[in-house]
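Following: one structure in structure tokens, then a few remarks.
Just so it is clear, none of the values below were taken in a lab; they were calculated from the coordinates. Being a predicted model, the structure only gives us computed values, none of them experimental. Because the Cβ atoms are built from the backbone with ideal geometry, glycine has one as well, and the counts that use them run over all protein chains shown.
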Amino acid sequence: MSTPILEGQGISKAYGGVQALYRVNIALYPGEILGLIGPNGSGKTTLFNALSRVIPVDEGRIFFRGQDVTDARPYQMARMGLARTFQVVRVYKKMSVLENMLISRSWRGVRAWNVLRPSRRETYQRAWELLEFFRIAHLAHMPAGALSGGQRRLLELAMASMPDPEVFLLDEAMSGINPALVEEIKERIQEMRQHQGKTFLMVEHNIQFISDLCDRVVVLHQGQVLAEGTPQEITENEAVIEAYLGV
Amino acid sequence: MPFLQALLNGILVGGFYGFMVLGFSIIWGVMGIINLAHGEYVMMGAYFAWAMFRAFGIDPFVSALLVFPIMFVVGYVLQWLIINRVVERPHLISLLLNFGISISIANIYKLIYKADYRSVTVAYAGSFQLAGFTFPTVKTIIFFAALLIMVGLHLFLHRTRVGKSIRAAAQNKEAARIVGIDVHRVYAITAGICIGLTAVAGAMIAPIQPIFPFMGPIFTVRAFAITALGGLGRIPGALLGGLLLGIVETLLTIYVPGAGAKVGTAVSFIILVLVLITRPQGLLKGLRPVEGGA
Amino acid sequence: MRAATATSASAPVSLFRRWDIWAWVGLILLAALYPLSDPTTARLLVATQIFVLITLASNWNLIGGMTGYVDFGHLTFFGIGAYTVGILMTRSKEIVFAPQLSFWQAWVFSGLAAMVFALLLGAATLRLRGPYFSIAMLATLLAMREIVRLLTPITGGGGGLDLPPELNRIEEYYLSLGLMTLSVGLMWWIRNTEFGLSLLAIREDEVGAEMRGINTTLHKTTAFALSAFLTGLVGGFWAWQNTYIDPDVVFFEPRNLEMIIAVVLGGLGTVWGPPLGAVVLYGLREFFWNRFLFAHLLGLGLMLIFVVLFLPGGLIGLMQKGRAIPLHELLRPRPAVSQEEEA
């Protein structure tokens, strides 16, 4: 097996007295689509926050492209090629959809003085392309706060795609999006993986979506990894079924 | 034993600080609103005690009881009419609004009472000796009154129906709404209680503190420092933070020559910045992150 | 925020194809010609005061309006600028063992001193999110006033400093006009660049901005230092113009409030709001409040409450929406708009 592009080793995180994560190991290999599932409160979002460096971890190390990034700041992760979406959508509600896209531009090769000029033509072009793809180009001049929940999710996906990252962390990115579009996004994700070698880690509640798309699935339960395997294996795993159905 | 005596003085002042900060810290914890006018409510309480003392010779500790219902109404109405409108908007807005309220209150008092320093001198202003220590009488009474009120407030929050709904609204606004709690009414009651208590604190220190319209900001800065030390909305945390601040302030006043009475703002400011830089979540990790995390 | 939507075209256009900047340049040219009409010195002084207020408001807007870090103590930098000029022009021999400086030499240092102080202070306070920053700055202002009062050998304490008078109202007029042009022009430029977009992103959602590759610390610190630099220059200018400084006139509380209110009144985070707000505020002060000087601060406090509650988008927002919150909403206890629609 090749080396993981993003790896968390023995990650622990406690909030007050609650142990949200306990010695979780997770590895994401280049070009794969990894699903992360688990009941509510099992630590999925905490793990996402830890991997994207939004919160500090109590214990454990995180590696991205072979580098130790345990103490990196989120913006450094973004510039190294990691993009994420949030469970509670984070778009800039008072700004227009287009401006939201321009803010999420690529930082590749940007020098300090570059930011002292208006957004470049290429940035606009890429923004429009992505807006077209996600079917929200007609909303470009609306304030993002006026969008519906599903449209905001699409916008956030489009924003995440702006800098052309290597790794996407998608936190329930499909909830609230209409089923026809979910199918299209599914195709687009597969296409990006096949042709561009992009890597995805996604939290989803929609098991159908996960089993259609993912190569591997990791199940979190009470802050620990309960099971790991192909979607097929996971759906037949006794412990997983119990965790979901049992108390 | 000058050091132990200073420590004692610090503890007495600190107990008061722990009580003084409660209104500020509960409002922040429950509604996420930073009450920049906190010090002004202290000032209003102090003026009330002064006016009562001057006009009718009423003891400040009696005034402290009288001022609570009055300021409860003031707090309730302010929250109901004004602050509830911005409670769900970004911090920027509620900060600006409360800044405006704080300046307006201070200047209304300046118009009414002029900028002169006032004081209340009670008959029992001296001190007494106990176990080799000197106890300033007024500060000792304040200390124990503060502890008593804190216990009472704790019981209120945990044992009564209203108290429980306040805590419910603090923990999860949406859930509170679902189980039928009128969140905005709870907020108004919370503000009434908090501002009432703050004014009670103000009335109690009237005998030991010069009273003037612009005495407020230093109490607001102190409140910030104490919340940074002790966390939000928890009574033991507030007491601990208050004690720490009181002790540090008193010791510095005694051991640093020339520090004098101006030491309050500077000490609070330095504590605030130091704590937040070294431990952004507060000394006891009790600070709520200012923005809703994902 | 409609203003944002309106100014960002669907494709990048040259910065200088925007009409607003040409309107501004036109206004500045008119203002530059004004002294030719031989106005009285009193009128020139009024104009200078308006320019100073606009400059202060525009600078405050950079950190308070665009970046969303409400600075309740921005007057600190004004004071540092004023005292730098005051000290360097009158006491540089005793204090820094340098020859007495002329105003122009001292003026450069007033901006730099404010900026250096902002960088030091920012390193500490900008790590604090929103409200902590606000209160830390308020405390800084309170502390600074006391420090200046106590450091009598350097600052003259409560007795103040007398600056060599070089009164020339025309010179002052053009200097303040230049400062204002620079400050507002800079705001306009920043608003139209990627730097400005990033600042707005920080204001709206700092974690999100960071996750999208924006080095928030660097952006905030830059905005803060720039704003402090320009505010320091205004302070230095003001000290020279006033020819006398002491803690009370420099750290004059209404000035601190007026720069904030001008921004909120005009429109937080907009380029043209603060100048508009400053002019309206100045007008109100001259025609109305000067009769009630004793209640000046009270009026400002009430005005801040009123504007925050009923003009959330400021005058600029009012002009774009064409309506304010109707008066009957005043007595409605609930927030008029829910978070979903508004925030």
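How much of the calculated P(r) for region C:18-94 lies past 16 Å, in percent of all Cα pairs? It would help to have the intermediate numbers written out before the result.
Values: 2032 of 2926 pairs.
In whole percent, the share of Cα-Cα pairs in region C:18-94 beyond 16 Å is 69.
The residues B:SER94, C:SER37, when put in order of fewest to most other Cβ atoms within 10 Å, stand as C:SER37, B:SER94.
Across chain C, Cα-Cα pairs farther apart than 33 Å form 28% of the total. Take every DSSP beta bridge whose two residues both sit in region A:97-238; close to 50 percent of them are antiparallel.
Comparing Cα centroids, region C:235-263 and region A:144-182 end up 49 angstrom apart.
Its residue count N fixes a reference of 2.2 N^0.38 Å for region C:51-171, and the Cα radius of gyration divided by that reference is 1.15. Legend: distances between Cα atoms for B:LYS114/B:LYS139; B:LYS110/B:LYS139; B:LYS110/C:LYS220; pairs beyond 31 Å are B:LYS110/C:LYS220. Within the protein assembly as shown, antiparallel bridges make up roughly 65 percent of the DSSP beta bridges whose residues both belong there.
Take A:142-155, C:45-58 and order them by the average number of nearby Cβ atoms within 10 Å per residue, most first; the result is C:45-58, A:142-155.
Based on Cα atoms of the protein assembly as shown, Rg over Rh with Rh as the Kirkwood radius reads 0.99. Global size of region B:2-214: 18.3, 58 Å for Rg and Dmax (C-alpha atoms, Rg to one decimal, Dmax whole).
Helix C:19-33 versus the longest principal axis of chain C: what is the Cα-based angle in degrees, 0 to 90, to the nearest 10? With rounding to tens, the tilt is 30 degrees. Calculated over chain A, the projected area of the Cα convex hull averaged across directions stands at 14.3 nm². Rg over Rh for region A:148-247 works out to 0.99, both radii taken from alpha-carbon positions and Rh defined as the Kirkwood radius. On the basis of the beta-carbon distance and an R0 of 25 Å, C:THR243 and C:ILE147 show a calculated FRET efficiency of 0.60. Packing, taken as the mean count of other beta carbons within 10 Å per residue, orders the peptides C:208-216, C:68-76, A:18-26, A:167-175 from highest to lowest as C:68-76, C:208-216, A:167-175, A:18-26. For chain B, the longest principal axis of the alpha carbon atoms and the long axis of helix B:263-278 meet at an angle near 40°. Computed over the alpha-carbon atoms, region A:91-164 gives an Rg to Rh ratio of 0.97, Rh here being the Kirkwood radius from the mean inverse distance. Rg and Dmax of region A:78-212, based on Cα coordinates, read 14.6, 47 Å.
Sort C:HIS296, C:HIS219 so the one with the fewest other Cβ atoms within 10 Å of its own Cβ comes first. Please report the intermediate quantities before stating the final value.
Numbers: C:HIS296 17, C:HIS219 22.
With the sparsest Cβ surroundings first, the list reads C:HIS296, C:HIS219.
Between 0 and 90 degrees, the angle of helix C:41-60 with respect to the longest Cα principal axis of chain C falls at about 60 degrees.
Region B:103-148: which trypsin sites (Lys or Arg not before Pro) are DSSP loop and have at most 12 other beta-carbon atoms within 10 angstrom? Please list the in-between numbers first.
On the way: sites: B:LYS110, B:LYS114, B:ARG118, B:LYS139; in loops: B:LYS114.
Sites meeting the loop and neighbour criteria: B:LYS114.
Shown is the FRET efficiency for B:LEU66 and C:PHE306, computed with R0 = 30 Å from the Cβ-Cβ distance and rounded to the nearest 0.05: 0.40.
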